[in-house]
Amino acid sequence: MIRLWKWWSGQGYPCLFRRITGWYCPGCGGTRAVKYLLEGSIIKSLRCHPLIVYMAVIMGAEAVRYLLSAGKADRDREKYFSYYQAEVLAGAGLILANWFVKNWALAVMGVDLMP
C-alpha cells in the first residue's frame with residue numbers, strides 16, 4: 001500500500017507528446033488533476049485540467065438523474081440523448097480551450113502554466 005501511495009503522489013509518467021514537441025497535448029495535466037481532485041484540491045485540479053472536475057460533476061448529475069428516473073417505466077430517451085450530446089460537446093470544448101490556452105501562454109507569453 002505504501003508503494004502505491006508513493007507512486008500516486010509522484011509525478012507519474014511524462015507526456016510523450018510534450019517531450020517530443022515541447023507543446024502540451026490536449027490531455028496534459030489530466031493525471032495531476034485527478035490526483036488533486038482525490039485529495040480535495042478542486043482549484044488545483046481545475047488549473048491542471050478542467051475536464052476532470054467537469055466530468056466528476058457530470059457523472060454525479062447523471063447518477064442522480066438515473067436514480068430519480070429508475071422507477072419510471074417510460075423514460076424519455078430523446079431528452080436523455082439531448083443532454084448527453086450537449087455534455088459531450090461541452091467536454092470537447094473544454095479540452096480544446098484548455099489545450100489552446102496552455103500552448104498560447106507557452107508560445108506567445110513564454111509562461112509555462114504547468115511547470
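Across the stretch 83-102, what is the number of residues that are open to solvent by less than 70 Å² (accessible area, probe 1.4 Å) and β-branched (Val, Ile, Thr)?
Quick first cut of the stretch 83-102, residues open to solvent by less than 70 Å² (accessible area, probe 1.4 Å) only: 86-87, 90-95, 97-98, 102.
Among the residues that remain, those that are also β-branched (Val, Ile, Thr) are: 95.
Residues that pass the stated criteria total 1.
Quickly run through the stretch 23-65 and pick out the residues that are at positive phi and in contact (Cβ under 8 Å) with a residue 60 or more places away in the chain. So that I can check it myself, show each step before the final result.
So in the stretch 23-65, the residues at positive phi come out as 29, 40.
The one that is at positive phi and in contact (Cβ under 8 Å) with a residue 60 or more places away in the chain: GLY29.
Are there any pairs with C-beta distances below 9 angstrom linking a residue in the stretch 76-91 that is closer than 15 Å to ARG65 by Cβ to a residue that is at pLDDT 65 or above and of a type in the set (Ser, Thr, Tyr), with the two at least 6 apart or on different chains, and if so which?
ASP76/SER69; TYR80/SER69; GLU87/TYR54
The values are calculated or read from the model by the stated rules, or taken from the named source; none is laboratory data. As the structure is a computational prediction, the values presented were derived from the model and not from experiment. Virtual Cβ from ideal backbone geometry, glycine too; neighbours counted across all protein chains shown. Side chains included, ligands, DNA and RNA excluded: accessible areas come from the protein's heavy atoms. Shrake-Rupley method; radii C 1.70, N 1.55, O 1.52, S 1.80 Å.
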